[in-house]
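**Student:** Provided herewith is a single structure, encoded as structure tokens, for subsequent inquiry.
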Number of protein chains: 2
Amino acid sequence: MAKERILVVDDEDDILELITFNLSREGYKVFTADNGEKAIKIAKSEIPDMIILDLMLPGIDGLEVARVLKSRDNTKAIPIIMLSAKGDESDIVSGLELGADDYVTKPFSPKILIARIRAVLRRKSDEISDENTPLHVHAFIIDPQRREVMVDENPVELTYTEFEVLHFLAKRPGWVFTRSQIVDAAKGDNYAVTDRSVDVQIVGLRKKLGDSGKFIETVRGVGYRFRERS
Amino acid sequence: MAKERILVVDDEDDILELITFNLSREGYKVFTADNGEKAIKIAKSEIPDMIILDLMLPGIDGLEVARVLKSRDNTKAIPIIMLSAKGDESDIVSGLELGADDYVTKPFSPKILIARIRAVLRRKSDEISDENTPLHVHAFIIDPQRREVMVDENPVELTYTEFEVLHFLAKRPGWVFTRSQIVDAAKGDNYAVTDRSVDVQIVGLRKKLGDSGKFIETVRGVGYRFRERS
DNA sequence: CTTCTTTACAGGAATCTTTCCCGAAAGTCA
DNA sequence: TGACTTTCGGGAAAGATTCCTGTAAAGAAG
């Protein structure tokens, strides 16, 4: 297995060092940057396999860095994990909508961070999924061709929107999606509704899924996610 | 849907296990063989729906196995996907010339392999489903040659379009089709009509089919489907 | 002219959205 | 740490909307 190359962006030296130490120990090759400009420069020249990006940066802030990277063809595919202070939900939401892959709130434990990195890299590597093949996740079989969901061998009747939402979430277990991303996925972009309507769909889904409803997790202040581990 | 039966041939235990695990999870019934002789024996006795065949085998090698299977009447129709180390292009070419259906180079991701398997099986089943053989589903017998439908032994008179629609839906029980897919199937692509006209055909069909009309199901917000389970 | 197909439309059912209330979780201040 | 405040999501129910059914009639095809 080739060692993945990871760019870490943070303006605090201790954090940079902490992360670098832990990632190196795990066998990753680490690049660092302590401000947004350097981050963008290194990302463009090195094209790392992943970027750990602090949102709070002097000068160009993290969101802006993410925006720039996601708008360039050669860097847009690089997965980004955001670091943010606890409570900055709005930044997290913006980041996710820009296309960031996950986030970790400070203060964090290196273990958590590494687990997230692994999860994101793994997801990226098997993202070759065909829009129409049945999706097997946990006890679920979600079949877009039949528009039918089986949970533990039992068929579950879902409405159009419920199906779309479940399928969307289940395609990427572990990913957090904002309500507006969910609406976009289910109804197409620019479909104007209140965010809260997503909540109602989620409630309905959980009810119909019964015990397995617990696989749809609420991420307070951010959105929803399909559970990754059983 | 009957679970397809797949024979996996490889001499490395880990690979065998990896593939078996993933295929089982997808609902396939898996047989295994760790050398060419066993592979041929099992293929002859079980007549699986597909064979995943490593080309690099001790004793009788994969190409030879393929040659043997393709030369016997009762096994020649079994589709074969070859596994080969990267770079063995010449073997791959020989294999394809022998009649193998596809190949995957090692190392491979289970997702890729499964996608290929699906594609090959799909192709095969399309070939088999002869456009003209009578279709036997539930209490229906749909005979494209005579353009005649029997329900519970009783003939039902259908108009041209009604017949096309029913036949199209019944060919793939359980699959949902949009109105425009149905129109395309019945009248050829690019035939311009309102989606609503499909509804009317459906209504007519249900009426003529009487009690069995319930096998044509409405999938709200999507289209129609022929019921799979009775 | 007869038969089949398509369009039009009203009625009604299913689904989706909004709204509001409550309780739980997180933040704040002492 | 504990009580108070604020924020956010769950749940229920009313309202709005979308979608399907079935009939009627116009339009094509033979």
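The values are calculated or read from the model by the stated rules, or taken from the named source; none is laboratory data. Note that the structure is a prediction, hence the values are computed from the model and not measured. When we count neighbours, we look across all protein chains shown, and the Cβ atoms used for this are built from the backbone with ideal geometry, even at glycine.
**Student:** Just the residues that are of a type in the set (A, V, I, L, M) and facing chain B (nearest Cβ under 10 Å), please, taken from the stretch A:114-164.
**Tutor:** A:128, A:141
**Student:** May I ask you to verify whether residue B:222 is within 14 Å of another protein chain (Cβ to nearest Cβ), within 8 Å of DNA strand D (Cβ to nearest atom) and within 19 Å of residue A:160 (Cβ to Cβ)?
**Tutor:** yes
**Student:** Among the candidates A:206, A:227, A:172, which residue alone is within 11 Å of DNA strand D (Cβ to nearest atom) and either under 22 Å from residue A:81 (Cβ atoms) or away from every other protein chain (no Cβ under 14 Å) (or both)?
**Tutor:** Matching residue, one of A:206, A:227, A:172: A:206.
Okay, residues lined up against (1) charged (D, E, K, R); (2) touching a Leu at 6+ places or on another chain (Cβ under 9 Å); (3) farther than 25 Å from residue A:132 by Cβ:
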| residue | (1), (2), (3) |
| --- | --- |
| B:131 | yes, no, no |
| B:151 | no, yes, yes |
| B:154 | no, no, yes |
| B:158 | no, yes, yes |
| B:170 | no, yes, no |
| B:173 | no, no, no |
| B:185 | no, yes, no |
| B:195 | yes, no, no |
| B:199 | yes, no, no |
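**Student:** State yes or no: is residue B:104 within 14 Å of another protein chain (Cβ to nearest Cβ) and among the β-branched types (Val, Ile, Thr)?
**Tutor:** yes
**Student:** If you don't mind, there's one more thing I want to ask. What number of residues within the stretch B:201-230 satisfy the criterion of being of a type in the set (Asp, Glu) and touching a residue at least 12 places away in the same chain (Cβ under 8 Å)?
**Tutor:** Residues in the stretch B:201-230 being of a type in the set (Asp, Glu) and touching a residue at least 12 places away in the same chain (Cβ under 8 Å): 1 in total.
**Student:** Pairs please, first residue from the stretch A:136-158 and within 17 Å of residue B:225 (Cβ to Cβ), second anywhere and among the polar types (S, T, N, Q) and part of a loop (DSSP other than H, G, I, E, B), Cβ atoms under 7 Å, 6+ apart in sequence or on different chains.
**Tutor:** A:144/A:132; A:145/A:132
**Student:** Please verify whether residue B:99 is buried (at least 17 other Cβ atoms within 10 Å of the Cβ) and among the small types (Gly, Ala, Ser), treating the condition exactly as stated.
**Tutor:** No: the conditions fail for residue B:99.
**Student:** Okay, moving on. Please determine whether any residue of the stretch B:128-136 is within 23 Å of the chain's Cα centre (by Cα), surrounded by fewer than 12 Cβ atoms within 10 Å (Cβ to Cβ) and of a type in the set (A, V, I, L, M, F, W, C).
**Tutor:** The answer is yes; a qualifying residue exists.
**Student:** Right, something else. Could you tell me how many of the residues in the stretch B:201-217 are under 23 Å from residue A:148 (Cβ atoms) and either among the hydrophobic types (A, V, I, L, M, F, W, C) or near DNA strand C (Cβ under 9 Å from one of its atoms) (or both)?
**Tutor:** Selection size over the stretch B:201-217: 5.
**Student:** So, one more: Are any residues in the stretch B:20-42 more than 14 Å from chain A (Cβ to nearest Cβ) and farther than 23 Å from residue B:76 by Cα, and if so, which ones?
**Tutor:** Kept after step one, since they are more than 14 Å from chain A (Cβ to nearest Cβ), are these residues of the stretch B:20-42: B:20, B:29-42.
Across the stretch B:20-42, the qualifying residue is only B:20.
**Student:** Checking residue B:131 against (1) in contact (Cβ under 8 Å) with a residue 12 or more places away in the chain; (2) of a type in the set (Asp, Glu); (3) assigned to a helix (DSSP H, G or I), which test does it fail?
**Tutor:** (3)
**Student:** Let me ask another. Just to be sure before I move on: is residue B:154 touching a Pro at 6+ places or on another chain (Cβ under 7 Å), at negative phi and among the polar types (S, T, N, Q) in the structure I sent? Lay out the reasoning, then the answer.
**Tutor:** Working: touching a Pro at 6+ places or on another chain (Cβ under 7 Å): no; at negative phi: yes; among the polar types (S, T, N, Q): yes.
No.
**Student:** Are any residues in the stretch A:1-59 charged (D, E, K, R) and either touching a helix residue (DSSP H, G or I) at 6+ places or on another chain (Cβ under 6 Å) or within 30 Å of residue B:107 (Cα to Cα) (or both), and if so, which ones?
**Tutor:** If the condition is that a residue be charged (D, E, K, R) and either touching a helix residue (DSSP H, G or I) at 6+ places or on another chain (Cβ under 6 Å) or within 30 Å of residue B:107 (Cα to Cα) (or both), then A:3, A:4, A:5, A:10, A:25, A:26, A:29, A:44, A:46, A:49, A:54 are the ones that fit.
**Student:** Out of curiosity, is residue A:198 within 16 Å of DNA strand C (Cβ to nearest atom) and free of Cβ contacts under 8 Å to residues at least 24 places away in the same chain?
**Tutor:** no
**Student:** Taking the options A:19, A:51, name whichever one is at pLDDT 95 or above, among the hydrophobic types (A, V, I, L, M, F, W, C) and within 22 Å of the chain's Cα centre (by Cα).
**Tutor:** A:51
**Student:** Checking residue B:129 against (1) modelled with pLDDT of 85 or more; (2) over 30 Å from residue B:55 (Cα atoms); (3) touching a Lys or Arg at 6+ places or on another chain (Cβ under 7 Å): exactly one of these is not met. Which one?
**Tutor:** (1)
**Student:** Let me ask something additional. Could you look through the stretch B:182-195, keep only residues that are surrounded by fewer than 16 Cβ atoms within 10 Å (Cβ to Cβ) and within 11 Å of DNA strand C (Cβ to nearest atom), and pick out the one that is nearest to residue A:148 (Cα to Cα)?
**Tutor:** Top of the filtered list is B:195.
**Student:** Does the stretch A:154-172 include one or more residues that are crowded, with 20+ Cβ neighbours inside 10 Å, among the hydroxyl-bearing types (Ser, Thr, Tyr) and not assigned by TED's automatic domain parsing to the domain that holds residue A:79?
**Tutor:** no
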